[in-house]
Amino acid sequence: MLTNRSKVVVKKEMNFWERIYLPAILGGIIITIKHLFRRKATVRYPETKRYISDIWRGEHVLKRDEHGAERCTACGLCAVACPAEAITMTAAERKKGEEGLYREEKYASVYEINMLRCIFCGLCEEACPKEAIFLTNRIVTTDYDRESFIYGKDKLVEPVDNRIDVTVRQTQAVQEFKQHKSFSHNR
Amino acid sequence: MIAFLTYKGILVLVIFIITLAVAAYSTYAERKVAAFLQDRIGPDRAGPFGLLQPLADGAKFFFKEEIIPNVSNKVLFVLGPCIAMLTALMAGVVIPWGNTVFLGGKEYALQIADLNIGILYVFGVVSIGVYGIMIGGWSSNNKFSLLGAIRASAQMISYEIAMGLSIIALILMTGTLSLREITLQQAGGIGSHWNFWNVVYQPLGFIIFLVCAFAECNRTPFDLPECETELVGGYHTEYSSMKLGLYLFSEYINMFISSAVISTLYFGGFNFPFMNNVGLSHNWITVLGSAFFFGKVVFFIFFFMWIRWTIPRFRYDQLMNLGWKILLPLAIFNIALTGLVSLLFSR
């Protein structure tokens with residue numbers, strides 16, 4: 001009785017009008033004919049797109065820093081945090097002369113996210129100590145085979161000349177929260 | 001004689017094409033009506049408003065792989081859909097699609113054959129249609145097909161009885177089996193002689209006939225031979241490619257034909273209100289009457305679909321209960337009532 005909507009089942013005999021069904025069917029077809037003139041709920045997808053939130057969690061991006069070097073240091077915290085085990089990576093050591101490419105001394109030579117496994121929860125973003133991985137409001141596009149859903153660095157790392165804006169998701173409150181990583185991790 | 005044969009030949013061809021076109025667009029209408037009744041839009045990608053969808057579906061059927069199961073009876077397997085399609089098309093022969101037209105001083109009836117036993121012919125052809133389903137289900141050598149076929153044929157045979165009895169009451173009243181004469185008796189209507197359509201005199205018979213027509217066409221709420229939402233697909237489980245297409249198509253043709261029969265028997269066929277008062281020539285009245293006839297048919301096809309997306313299907317025992325214990329006695333009662341009333345008031 002939490003919702004006060006429970007009904008007591010009454011198993012009474014149907015009377016004559018209920019037994020011949022026709023009045024009930026008439027009531028039913030009146031209901032359905034009303035729906036014929038209702039506003040349609042369909043969104044004709046490629047032409048019109050349903051509004052998605054600015055902080056929608058979609059396709060990931062691996063950010064570069066202000067000099068264009070990759071921020072990821074292949075610590076593996078995102079892979080550990082990932083509940084769907086969608087993230088794999090291989091770490092490599094930065095060579096001399098690659099300082100412009102990778103910010104830290106260690107970097108991910110391979111970084112793959114299986115978009116079919118990913119549940120877009122955003123825990124990788126939360127786990128990342130280097131502000132390297134973010135979810136964006138881009139939708140992962142469809143494809144015909146499973147292999148093409150394993151996104152490598154070619155698709156994940158943002159282009160130097162075409163940076164992907166993540167400031168919408170990184171509001172003041174989020175930035176503040178990220179100052180105290182221990183809040184979420186030690187719980 | 002030559003002129004007569006060419007005229008009949010052309011008429012057969014035209015009605016054949018119209019039947020196929022209506023059946024093809026029924027598949028489209030089914031999806032559109034379903035969508036609209038569920039607040040959706042339905043197919044709208046092929047052509048404007050998706051109008052080319054039936055063509056796309058048909059072409060798709062031809063491109064599908066044709067599988068004839070190894071363990072099936074191959075002759076019967078091919079024969080099944082042929083019979084289903086053939087009998088579905090044959091029933092259209094006796095339907096009066098319109099009144100007569102005068103061309104060059106000669107009178108032509110817009111009906112392929114005015115049999116004096118038109119209704120019996122329709123019933124005969126429809127009952128052969130059961131063979132198409134039964135043979136298809138049997139020759140597939142598949143349990144589910146056979147179960148579906150048995151369900152379908154048991155249902156069709158049971159409901160044919162009540163359907164036939166509901167017609168007897170109508171024949172008692174009209175005194176003829178010819179569909180053309182039954183239609184002509186309903187001529188005039190509102191505005192001239194106050195001669196109403198048969199549905200006014202036979203409301204109970206009409207309801208029985210309508211319910212039985214739903215069962216005969218394997219439509220919801222009697223679609224349990226197929227029940228695509230819970231079974232694999234009934235008697236045409238093993239069919240693929242255009243053979244499956246023929247089965248599905250013959251069902252839509254059956255729906256078209258039964259809508260035409262309902263309109264002819266109970267809703268005045270090609271007659272329309274004020275037809276004697278509009279002051280047009282005979283030929284124009286005929287053209288207008290045919291248009292009205294097709295309007296009625298389209299309405300009943302829509303009604304079939306409307307019902308389909310409104311109510312759930314019966315359980316099998318409920319189906320048999322309704323057919324044998326309710327509709328059959330009701331139909332007999334209707335015959336007695338009609339006899340009594342016509343004896344007392346002698347229309």
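Tell me which of these B:ILE307 doesn't satisfy, since it passes every other one: (1) of a type outside the set (Ser, Thr, Tyr); (2) in a helix (DSSP H, G or I); (3) free of Cβ contacts under 8 Å to residues at least 60 places away in the same chain.
With respect to (1) of a type outside the set (Ser, Thr, Tyr); (2) in a helix (DSSP H, G or I); (3) free of Cβ contacts under 8 Å to residues at least 60 places away in the same chain, B:ILE307 is out only on (3).
This table checks each residue for (1) assigned to a helix (DSSP H, G or I); (2) over 28 Å from B:SER263 (Cβ atoms).
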position	(1), (2)
B:ILE68	no, yes
B:VAL75	yes, yes
B:ALA91	yes, no
B:ILE135	yes, yes
B:PHE144	yes, yes
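Can you say whether B:LEU322 is assigned to a helix (DSSP H, G or I) and at pLDDT below 90, as far as the supplied structure shows? Step through it out loud before you land on a result.
Working: assigned to a helix (DSSP H, G or I): yes; at pLDDT below 90: yes.
Yes: the conditions hold for B:LEU322.
So which residues in the stretch A:35-63 are among the β-branched types (Val, Ile, Thr) and within 12 Å of another protein chain (Cβ to nearest Cβ), if there are any at all?
Taking the stretch A:35-63 as the starting set, the residues that turn out to be among the β-branched types (Val, Ile, Thr) are A:42-43, A:48, A:52, A:55, A:61.
Correct list: A:THR42, A:VAL43, A:THR48.
Given the conditions (1) part of a helix (DSSP H, G or I); (2) in contact (Cβ under 8 Å) with a residue 60 or more places away in the chain, report the number of the one that B:TYR131 does not fulfil.
All conditions pass for B:TYR131, except number (2).
When only residues in the stretch A:120-134 that are of a type in the set (A, V, I, L, M) and over 19 Å from A:GLU66 (Cα atoms) count, which is farthest from the chain's Cα centre (by Cα)? Talk me through it step by step, then tell me what you get.
So the first thing to find is which residues in the stretch A:120-134 are of a type in the set (A, V, I, L, M), and the list is A:123, A:127, A:132-133.
Still in the running and over 19 Å from A:GLU66 (Cα atoms): A:123, A:127.
Numbers: A:LEU123: 10, A:ALA127: 16 Å.
Within the stretch A:120-134, the match that is farthest from the chain's Cα centre (by Cα) is A:ALA127.
What's the total number of residues in the stretch B:44-58 that are more than 14 Å from chain A (Cβ to nearest Cβ), modelled with pLDDT under 90 and not in a loop (DSSP other than H, G, I, E, B)?
Count: 2.
Determine, yes or no, whether B:ILE41 is more than 23 Å from the chain's Cα centre (by Cα), assigned to a loop (DSSP other than H, G, I, E, B), of a type in the set (Val, Ile, Thr) and within 14 Å of chain A (Cβ to nearest Cβ). Before the answer, list the steps.
Numbers: more than 23 Å from the chain's Cα centre (by Cα): yes; assigned to a loop (DSSP other than H, G, I, E, B): yes; of a type in the set (Val, Ile, Thr): yes; within 14 Å of chain A (Cβ to nearest Cβ): yes.
In short, yes.
Tally time: how many residues in the stretch B:23-37 are more than 7 Å from chain A (Cβ to nearest Cβ) and in contact (Cβ under 8 Å) with a residue 40 or more places away in the chain? Steps first, please.
So in the stretch B:23-37, the residues more than 7 Å from chain A (Cβ to nearest Cβ) come out as B:23-35.
Subset that is in contact (Cβ under 8 Å) with a residue 40 or more places away in the chain: B:23-24, B:26-27, B:29-30, B:33-34.
Selection size over the stretch B:23-37: 8.
With the requirement that a residue be under 18 Å from B:PRO225 (Cα atoms), crowded, with 18+ Cβ neighbours inside 10 Å and within 12 Å of chain A (Cβ to nearest Cβ), what does the stretch B:274-330 give you?
B:PHE304, B:MET305, B:ILE307, B:ARG308, B:TRP309, B:PHE314, B:LEU322
Which residue out of B:ILE157, B:ILE207 is closer than 18 Å to B:LEU322 by Cβ, surrounded by fewer than 20 Cβ atoms within 10 Å (Cβ to Cβ) and at pLDDT 90 or above? Break it down stepwise before answering.
On the way: B:ILE157 fails: at pLDDT 90 or above.
Among B:ILE157, B:ILE207, only B:ILE207 is closer than 18 Å to B:LEU322 by Cβ, surrounded by fewer than 20 Cβ atoms within 10 Å (Cβ to Cβ) and at pLDDT 90 or above.
So, A:CYS118, is that one in contact with a His (Cβ under 9 Å, 6 or more places away or on another chain) and surrounded by 11 or more Cβ atoms within 10 Å (Cβ to Cβ) or not? Break it down stepwise before answering.
Values: in contact with a His (Cβ under 9 Å, 6 or more places away or on another chain): yes; surrounded by 11 or more Cβ atoms within 10 Å (Cβ to Cβ): yes.
The answer is yes for A:CYS118.
Matching residues to (1) among the basic types (Lys, Arg); (2) surrounded by 10 or more Cβ atoms within 10 Å (Cβ to Cβ); (3) in contact with a strand residue (DSSP E or B) (Cβ under 8 Å, 6 or more places away or on another chain); (4) over 17 Å from A:ASN114 (Cβ atoms):
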site: A:TYR144; (1), (2), (3), (4): no, no, no, no
site: A:VAL160; (1), (2), (3), (4): no, yes, yes, yes
site: A:ILE164; (1), (2), (3), (4): no, yes, yes, yes
site: A:VAL168; (1), (2), (3), (4): no, yes, no, yes
site: A:GLN172; (1), (2), (3), (4): no, no, no, yes
site: A:GLN175; (1), (2), (3), (4): no, yes, no, yes
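Here are the criteria: (1) more than 14 Å from chain B (Cβ to nearest Cβ); (2) crowded, with 18+ Cβ neighbours inside 10 Å. Tell me which single one A:THR32 does not satisfy.
(1)
Return a yes/no flag: does the stretch B:206-226 have any residue that is under 28 Å from B:ASN99 (Cα atoms) and part of a loop (DSSP other than H, G, I, E, B).
yes
As an exercise: evaluate A:TYR21 against (1) on the phi > 0 side of the Ramachandran plot; (2) surrounded by 14 or more Cβ atoms within 10 Å (Cβ to Cβ); (3) away from chain B (no Cβ under 14 Å) and give the number of the one condition it does not meet.
Unmet for A:TYR21, out of (1) on the phi > 0 side of the Ramachandran plot; (2) surrounded by 14 or more Cβ atoms within 10 Å (Cβ to Cβ); (3) away from chain B (no Cβ under 14 Å): (3).
Please find, among A:ASP65, A:ASP54, the residue that is at pLDDT below 85 and under 24 Å from the mean Cα position of the chain (by Cα).
Numbers: A:ASP65 fails: at pLDDT below 85.
Sole residue among the options that is at pLDDT below 85 and under 24 Å from the mean Cα position of the chain (by Cα): A:ASP54.
Tell me which residues, restricted to the stretch A:81-115, are surrounded by fewer than 16 Cβ atoms within 10 Å (Cβ to Cβ) and closer than 25 Å to A:THR171 by Cα.
Once the filter is applied, which keeps residues that are surrounded by fewer than 16 Cβ atoms within 10 Å (Cβ to Cβ) and closer than 25 Å to A:THR171 by Cα, the stretch A:81-115 yields only A:PRO83.
The values are calculated or read from the model by the stated rules, or taken from the named source; none is laboratory data. It should be emphasised that the depicted structure is a prediction, and the values quoted were computed from it without experimental measurement. Quick reminder, even Gly has a Cβ in these numbers, built from the backbone with ideal geometry, and neighbours come from all protein chains shown.
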